[in-house]
Each structure stands twice: as structure tokens, then as C-alpha cells.
Amino acid sequence: MGKAVGSVKLGNLYSGGKVRKRREWRGLRDTLYDYWRWLKIMKMLTAFLMHPHNVKGFLRYRWMLNYVAVPAMIDKHTVGLRGNHLRIAHEEYDLVAEDVAKLLDTAFRADRACGNDTELSKKIVVLDENEMFTIMGGFPTLKGISWETAAVYVAVLLHGDAVTHYLDVIQEMGVPGDVCPMPAAEAGVVIDDDIPVFGGCVIQCNTTCDGSLMGNGIMARRYEAEGIPVFQIAAPLRHLEEGVQEYAAQEIRNAIKFIEDSTGAKWDWNNYFECMKRFNEETQHRVSWMEMSKTDYPQVIGANLALYSETTYMAIAGRVQDFVEADRKISKLAEESYARKEMLVPEYRHRAIIWGVQAQYYTDFLPWLQNCWGILPLVDMLSLVYFDKVSEDDPEQAIYDIAKLYQEMIMRNRTHGGYEVLLDDLWRFCKEFDADMVILWEHISCKALDGMHGLFEERARELGIKLVWVNHDLMDPRVIGRQAIRDDVNRYMRSVLQEEPIDPSLENLDDEHAW
Ligand code: SF4
């Protein structure tokens, strides 16, 4: 019992409270491995709290409380996994957790309310949560830090309710309740004075939508009130068009000059190209995992692909060798499992493309899909980004590459750019990945995707693709809870396809209060 994939009724682990009844028994070898990884995470969290500035940060910022759920976050994304698949997931999540701990350590060390290290603060460039960090590859003496990633993006990943307080705060200030919760929560953190203050300058990007622009405007006012200069990269939205590329490149040249002028640092081509060599290798690994997913034996899929890809592509951007090392290990493990035809769950019933913007408070919905219904989340929209090789030695071309990457940031590359990237590409990927199903995240506050309903349905019907709409409100589980998300799938599977779940204990879960 427990060693084989699918041998445990996973719904029995839920207790109705914040944490599960018990840890999952995976057979002796895998349970010991999982426990050893858990101990390493606990060691890392303890080491983090040994620094006085981190203790101050923990007590000063309301959103820091969510970080007690780091081990639970890893558990919920490794549920049901065995053997190499468990090891792949730990390589990914543990490294991301370590990277976030470093981010927080630097932020609190520099923060005026905690460590107040003014020399360090001058060397920090503050970036948006949803922004490529590629530009920082040319500034090895500076640090790129996004406090939004720590306070909002990761906080909700750890604890579904993490930012509801900040959403209330910003709505009390008059921002409508139907604004996307991501920029609304970031602005709420600023209005609530829960923002760590540091930095030699700030580089914002016009991300994707009206909500993001609103949020950036509120933050820019705060930075400037603190004497921290702000530059806003206005990357073109019609990113497929050749005519906008010169303008986009000039925005990057201007941003580089702004950082140089604000910090005194000089752009370093050697370091930039070193980063891009790593970035290209990371892209190759990701593409090879996706190639495997086109076969009968996918290995790196679902949330494990999505969350790790978001980090490596956007936030790491080739700047950290540890991520390349992890990629190599993941590829080796995946190739071994592929050769042995190992499966993630006992039965594969449907091959799905996950499209639209995910519910950040329920990223473990993807493992639930595979464990409960045997629906394989092969690849998701946010992982399908820019795969072309970027220049490793030509400074002129490099500026255009950086500009292209800023235009093709995660989410932005599909929510903007025209119907080719949002609609046509979806059907192309269905064909390439031999998918018979699309799980379409319907983020109800995302203006960028609203209104496309009919177009998606019409084409899915023509192509014979099973299209399942899954409603959510990105970072506000009070609007649409986790069970309501699951019920969108449960209803479809039972009433349209007349199927029974692989693991019926997962169909209805008491996890409303879970982390
Ligand atoms: S999810 Fe939609 S509304 Fe929210 S930031 Fe992204 S594009 Fe904008």
C-alpha cells in the first residue's frame, strides 16, 4: 500500500482544517526521500529567521505570515507523485523556495523599516512582479528585486486567502471590485503601508491591462514620495508586428540608460551574454520536456511545469547557475522515466491543454485534474512563451532580443497580440500535443480574455475538442472557491462525458480553510 502510483485514496488526506490529517505514505523509499526534503526546507526557514532583519520583516509585514505555509505548498504540489516524478517536483519547488528566501533576505536587509542597509539599497533595482528580469543580466553589480512577487504572487501560492485583506483595503479606497485582483492587491499593499521601502531606482513595465497600469501608477507615486526614481517601459502590445520593434528596442536602451544614471553602474555585455547562454540552455530543456509531452509518456507537466517555468523564464532569466543545474537534473530524471514509460497516474483518459490565466489560489488544481479524473495537464498557456534562441554575442541584436522578451512576458504574450496568439495558437497546440481537451481558465476579472467565449466555443465544436470552462477570480477565493472550480470539471465529466473519477475520494473535498 502506498508505494505504487494511485494506490492511496488522496481525498482521505484532507482534514477540513488548514493542514492535512497526515503526510502521504508513498512507500518507504519515497516517503523517506520526501521527509528528507521536508527537513531541508525546515532548515532553510530556520536559517532565514536567524537574521534579525528577517525577524523584523516577519513581524512588520502582515503578508509574511503566509510563509509558514511553505512546506504545505510543496506538499500540495507533490501529492500523488512517486519515484522520479517526486524528485523532479522537489528539484523545482525547493529551488524556487530557496530563491524566494534569498529575495526576502535581500529585501529586508535593505528595507528602511528592517535592516536599513543603505549601501545595499542603492544597488537594488526594484522590478514588477510580472516583468522579465532580463535587463538585470547586464548589471552584475546590482540586484533586481520584486517585493510584489514576495508580498502578492508567492503569498497567494502559499495561502489562498493571503491578499483578501489588501483587496478590501483597495476597494475601500474606491477601486471597483471587478478589477483584476493581482494589480488590485499590489496597490492595496501600498495603500495599507505594507510595502518594504528600498531601492536605487524602479523599472516598471506596462504589463498587460488597465488594472496593471492602475496599480503601477499608485506604486510609482509611493516610490517617488520616498525619493526613488521610476522608469516605465512601455512595451508594445501588438508584439507580432515588425513595425513596433524599433520603438520597443529604444524603450530598452532608455531603460538601461536610466538604470546607469540612477545607480552609477555600467552595463556589462560580457555578463549579459553569460546570462543569455544560460537562458538559451534553460529554453532548450523546457522545449525538450514539452516534446516529451507530445508523446504517450509525458513527464514534466501541469503545475510542476507552469510554476517552475514562470520562475526560470521571467524572474531568473539566465542569471542563476543553480537553475541550469536543476534543469539538467530534471531532464535526466525525465529521460529515465520516459525510457521506462513511467506514468504519473494509473490511467490517462484525456490529454488537455490548459489555457487562460490560472487561479493563483488553486495552482494545485492541475495535480487534482490528473489524480481525480485522469486528465493530463500537458502544457499551460503561461508556459508557452518565447522559445527562439537569443543572441549570445551580438550587442545590436541583443537589444532587440530583450525588447522581444519584454513584449512576450508570461500572460502578456497571449492576452495581447491579437487573436492569432490567443485563439489560433490554442488549436495549433491541441494538434501538436495530440490533445482532445481544453481546460479554459475563465478569470472573471480579466478584461483581456473576457468576451472571447463564443469564439472559443465555436472553434472547439468544429474541431471536436472537449472544452471545459473553469471559473475563478485569480487571487480572491471568496468569489469562487476551490470546490466550485472542481465542480466545473466534475459536472462536465459526469453529465457530458458520463465518466466516473479514477479517485472518487477527490471529487468533493473539504479544503475551504486549507492553506
Ligand atoms: S490576469 Fe488579465 S486582468 Fe489580470 S493582470 Fe493578467 S491580463 Fe491583466
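Where a number appears in this text, it was derived from the coordinates with a stated rule and is not lab data. Everything numeric here is computed off the predicted structure, so don't read it as measured data. Quick reminder, even Gly has a Cβ in these numbers, built from the backbone with ideal geometry, and neighbours come from all protein chains shown.
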For segment 283-290, Karplus-derived ³J(HN,Hα) couplings (6.51, -1.76, 1.60; θ = phi - 60°; whole Hz; x for glycine and proline) come out as 4, 4, 4, 4, 5, 5, 5, 5
Taking θ as phi - 60°, what are the ³J(HN,Hα) couplings along segment 220-230 by the Karplus curve (6.51, -1.76, 1.60), each to the nearest whole Hz, with x for Gly and Pro?
-> 4, 4, 5, 4, 5, 5, 8, x, 9, x, 10
Expected sort for Val479, Val438, Val154 with the fewest Cβ neighbours (10 Å cutoff) up front is Val479, Val438, Val154
Cα-based helix-to-principal-axis angle, 453-463 vs the chain, degrees rounded to 10 = 50 degrees
Dipole magnitude (debye, nearest 20) for the chain, charges at Cβ of Lys, Arg, Asp, Glu = 1700 debye
What does the charge count near Lys431 come to, summing +1 for each Lys or Arg and -1 for each Asp or Glu among other residues with Cβ under 14 Å from its Cβ?
-> -2
Residues with amide H under 5 Å from that of Ile233, placed H, sequence gap 5 or more | Gln204, Cys205, Asn206
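Could you give the semi-axes, largest first, of the ellipsoid that matches segment 10-506, computed as the square roots of 5 times the alpha carbon gyration tensor eigenvalues and rounded to whole Å? Walk me through the intermediate numbers first.
Details: eigenvalues 226, 138, 112 Å².
For segment 10-506, the semi-axes come out at 34, 26, 24 Å.
If the limit is 19 Å between Cα atoms, which of Lys9/Lys332; Lys3/Lys43; Lys43/Lys102; Lys431/Lys466 go over it?
Going by Cα-Cα distance, Lys9/Lys332; Lys3/Lys43 fall outside the 19 Å limit.
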Whole-Å distance linking the alpha carbon centroid of segment 435-463 with that of segment 139-207 is 28 Å
For segment 12-26, in order, what is each residue's ³J(HN,Hα) by Karplus, 6.51 cos²θ - 1.76 cosθ + 1.60 with θ = phi - 60°, in whole Hz (x at glycine and Pro)?
-> 5, 6, 7, 10, x, x, 5, 10, 6, 4, 7, 6, 7, 8, 10
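Rounded to two decimals, what is the ratio between the C-alpha radius of gyration of segment 198-268 and 2.2 N^0.38 Å?
On the way: Rg = 13.4 Å, N = 71, 2.2 N^0.38 = 11.1 Å.
Normalised Cα radius of gyration, segment 198-268: 1.21.
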Mind checking which lysines have their Cα closer than 23 Å to the Cα of Lys257? Skip sequence neighbours fewer than 8 apart in that chain.
-> Lys122, Lys123, Lys143, Lys266, Lys404
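Take the Cα atoms of segment 395-515, build their convex hull, and give its volume per residue in Å³. Don't skip to the end; give the middle numbers.
Numbers: hull volume 20.1 nm³, N = 121.
It comes to 166 Å³ per residue, whole-number rounded.
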Could you tell me which trypsin sites (Lys or Arg not before Pro) in segment 199-250 are loop residues by DSSP with no more than 15 other beta carbons within 10 angstrom of their beta carbon?
-> Arg238
Crossing angle, helix 395-407 versus the chain [Cα axis fit, 0-90 degrees, rounded to tens] = 60 degrees
Ranked from fewest to most other Cβ atoms within 10 Å of their own Cβ, Arg112, Arg278 fall in the order Arg112, Arg278
Which loop-located chymotrypsin sites (Phe, Trp or Tyr not before Pro) does segment 376-442 contain, where loop means any DSSP state but H, G, I, E or B and the Cβ has at most 13 other Cβ atoms within 10 Å?
-> Phe387
